[in-house]
Each structure stands twice: as C-alpha cells, then as structure tokens.
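Okay, so here's the structure we're looking at.
Just so it is clear, none of the values below were taken in a lab; they were calculated from the coordinates. Treat the numbers as computed from the prediction; the structure is a model and nothing was measured. Glycine gets a Cβ as well: all are built from the backbone with ideal geometry, and neighbour counts include every protein chain shown.
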Amino acid sequence: PLVDEHSFVFAFGQASCVQYRLVIRDVNTLQILQLYTCLDQIQYIEWSSDSLFILCAMYKRGIVQVWSLEQPDWHCKIDEGSAGLVASCWSPDGRHILNTTEFHLRITVWSLCTKSVSYIKYPKACQQGIAFTKDGRYMALAERRDCKDFISLFVCSDWQLLRHFDTETQDLFGIEWAPNGCVLAVWDTCLEYKILLYSLDGRLLSTYRAYEWSLGIKSIAWSPSSQFLAIGSYDEKVRILNHVTWKKITEFEHPATITNPKTIVYKEVEKSPSVDAERLSFPPRALASSLFSTQSKYDISQVPVSLQYVKPIADRANPKIGIGMLAFSTDNCFLATRNDNIPNAVWIWDIQKLKLFVVLEQLCAIQSFQWDPRQPRLAICTGNSKVYLWSPAGCVSVQVPMEGDFQILSLCWHSSGDSVALLSKENFCVCYLEREEVK
C-alpha cells in the first residue's frame, strides 16, 4: 500500500493511510482489522495513548476525524472552519485533541468526553512549541506576544493555567521536558547559543552558553534517567550537562579522522551475493530481487580511519554542518550522534566512561536511526533497501526482501522491541526480530 512516511503510526495496532483511506492492521500478522474512509486526503495520523482512538488530520480542509477501534461505527468530526488548521495532536490522556489554527492564532482544545472546547491564545510558531511531561500531568506551551517569548504551564486534567513567565530568549526555538517532569529545557534560535532550564514553578535554574557570535544549538536530547542533557551544536560538538549543577561535564568532538586505537570502526563494504542453486530454481519475485541486489557486510577498520567529509556551503541557509541527530539508549549507557557534514557515519558514545565507543561508517548518508525501546540496540537506515542493527555484541546489515526499489527513509520501533517498521516514500514493511531465549 502507498503510505506517506509521516503518516505511519506504530502502537498495539498498526495504522497507515492511502490517500483518504485509513488502514488498521494487526501488528503480528499484518491482517487488516479495520478500514475507514475519510472526507479528504489524510495528511497526518496519530494514535491516542491507549490505542483506542486514532485521529486523521486533513489540513487543507481544516478537518480532523477521529475513529474508535472498539466501536467501529462511532466517529467524530472536528471542523476548525475559517480559522484553518496547521497541526493536530492528542493530549496524554487520549481524550482531548489540540488543534493549532492557521498563522498560529490559537490552539483549540476539544474534549471527546464532554464535547467542551477551550482556547489558548498566542502559541508561538516554532519547531517544538508544545511539550507534555512524561506522566501526562502538565503541558508547556511556547508563546509569543508583544515581540517577547513566554512559557505557559497548564494542568492537563482541566487545562487551568499553572504558571506563566517570560524567557530570556531572542527568538525561542524549542522546549522539552526532562523525562522526570521536573525541569523544562528552553533553547534559543540557532543564531545564538543559549539554553535555559526552568523548574515546574517557573524558576530559572540555570543558563548555559558555550560560545557567542556563531551558529549555536542544532539539537538536544535528555537521557531517560534525566541525569544528562546532551546539546548538539553547529561547531560539530556535543556538550553534556549534568543535572546537579547544570554545568558541562564533557564535550564530544566529531573529527574527520579517528585516531584512538580503543575506538572500534565498523566500515560497510559491498560483497557479491552468494546464491544457492536450489533457491534459484523458481524463486518468488521478491526473493529473486533481493538475491541479486547488492549485499553488504561490516569490516573492522584499523585506525587511523579517515571518514568521508562534506564541506558545507557557507553562504546558504541551513548549512549541512553540526550535530543534527542525537539520541540516548533506553538504558542510559550509550549516546548515538550524527555530524551532518560527515553524513555517512554514526557515532556511538559510552556514557558511563564518557568516551567514544564505536563509529559505523556507511556507504550512504544516514537518513534516520532509533534505539530499541527495550535494550541497547540501534536501528539505522541510509536510503537503500537495507536496515542496519548495532548492539554492544556487534552489528549486521540486513537486506529487505522487497520487490523493486525499496528505499528506507525512516523507521519506527514497536514498543515491545520485537519488530520495527521500515518506511520508504511509497511503501512500508515490518521487520520482525527473534527474541533471544534466556538460558
């Protein structure tokens, strides 16, 4: 089925959309459980937190439709009318929907239980302007009024305003709660390196600035334990702040040459496929295409190793330089990063030793990576028909047996860690992983 890569959601069931049709499948068998027809072409879908409802947003029409898996005949239609619609999401309780109107004039909070409507004014148009605490109790909203940035904290149970305070930012770019819900990180535009840390009662705990007069913060990530805050910046470094003093404890550089002999460098190399004569007699079409496609494997390179470096074009906006992706493993032991001007490499850092542990050098540029939610295992895709898996035990390249040209652009783990969805521009497939038996 054709599927927009942004319109695939993985919960207890599996949802994908084909133009105006929403398809719900069983995760384990991929059998179709429900088929819904929407009023227009679906541009975004999202499961509720309990997987009982799913919303379909049609931004061009300013409409959101909600479907129930338990009661297929029940449905809900939300029409924003002339106000328009640019974003839609669930609240953590799975019973309220937050719609952002055109030009970010307001956010409308719709209740599925009481059919009541609440309005929140002045939401800021920025990359990450809404953030919920992990326990779902509080929502932080970035606001812009009178040419100044503000943060409003709301109680999600009744949408009452808890705190409202201004931030010392020139042009606030994003906000993100620590996983424990005690600290809110607020960072400024990339033109100024500044990150501010606020408590739940609105007190400014700390301000961190690494340097001035140069492009600043590009990405941030909290560790699952909330002990560390990783800040990726345009100077090709990751700085780690600790949760006690909010001072820098170390910084990770991303040089084009790896010289430390203790660092393991896995290099992807092409290999000619080994074809079994018995499998060649009458292979299925999908298997036949994978048999004769280019296979790859990993070799361990001897240091020093020179990685492929792309010189950024300095006079263009959004230069491909700096730390564009970073993510902590679920057990807090590892941090994966990508330096955008060394696009073919994934760097994996040992957080316990605060040292570089492994570098994976791929043949193609890294499109996406994501940690297994259950164990330290990283899935990587590079825009070809392979998925790459790394764990402390080693790494492997897996060819996806699909017909035609299946270019994996993004991926998404199931919450159990037993399967991962692989998405191309027009197709998706699910990769099932065997669970190791504990002896």
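Observations, loosely collected:
- Restricting region 27-121 to GluC sites (Glu not before Pro) that sit in a DSSP loop and have at most 14 other Cβ atoms within 10 Å of their own Cβ leaves 70.
- Cα gyration tensor, region 46-100 - rounded (a/c under 1.5), prolate or oblate: oblate
- Positive-pole candidate from 326, 136, 407, dipole of the chain, charges at beta carbon: 326
- Report summary: the helix-based calculation at 222 nm, which adds -39500 (n - 2.57) for every DSSP H run with n ≥ 4 and divides by the residues of the chain, gives -500 deg cm²/dmol.
- Close Lys pairs in region 6-149 (alpha-carbon distance under 19 Å; sequence gap of 8 or more, or different chains): 4.
- Summing charges over all other residues whose Cβ lies under 9 Å from the Cβ of residue 187, with Lys and Arg as +1 and Asp and Glu as -1, gives -1.
- Partner lysines for residue 237 [C-alpha distance under 25 Å; skip if fewer than 8 residues away on the same chain]: 194, 218, 247, 248, 262, 267, 311, 320, 353, 355
- When peptides 52-63, 405-416 are ranked by their average number of other Cβ atoms within 10 Å per residue, the highest-first order is 52-63, 405-416.
- Each of 427, 49, 261 was placed along the dipole of the chain (beta-carbon charges, centred on the mean Cα), and the one lying farthest toward the positive end is 261.
- Using a cutoff of 8 angstrom between alpha carbon atoms and counting only pairs six or more residues apart, the relative contact order for the chain works out to 8 percent.
- Relative contact order of region 148-227, defined on C-alpha pairs under 8 angstrom at six or more residues apart (%): 22 percent
- The packing ranking, built from the mean of other Cβ atoms within 10 Å per residue, places the peptides 185-193, 209-217 in the order 185-193, 209-217, highest first.
- Gyration tensor (alpha-carbon) shape descriptor, region 117-227, a/c threshold 1.5: oblate
- Cα-based shape type of region 326-402, given that a ≥ b ≥ c are square roots of the gyration tensor eigenvalues and the cut on a/c is 1.5: oblate
- Magnitude of the charge dipole for region 299-439, about its Cα centre and with charges confined to Cβ atoms of Lys, Arg (+1) and Asp, Glu (-1), is about 420 debye.
- Taking packing as the residue-averaged number of other Cβ atoms within 10 angstrom, the listed peptides 150-163, 229-242 run from highest to lowest as 229-242, 150-163.
- Sequence-separation-based contact order of region 391-439, relative, with Cα cut under 8 Å and 6+ spacing, percent: 24 percent
- Each part gets one Cα centre, and for region 391-439 versus region 234-251 those centres are 32 Å apart.
- Only one item in [x] 22.8, 69; [y] 24.5, 99; [z] 23.1, 73 matches Rg and Dmax of the Cα atoms in Å derived from the coordinates shown, and that item is [z].
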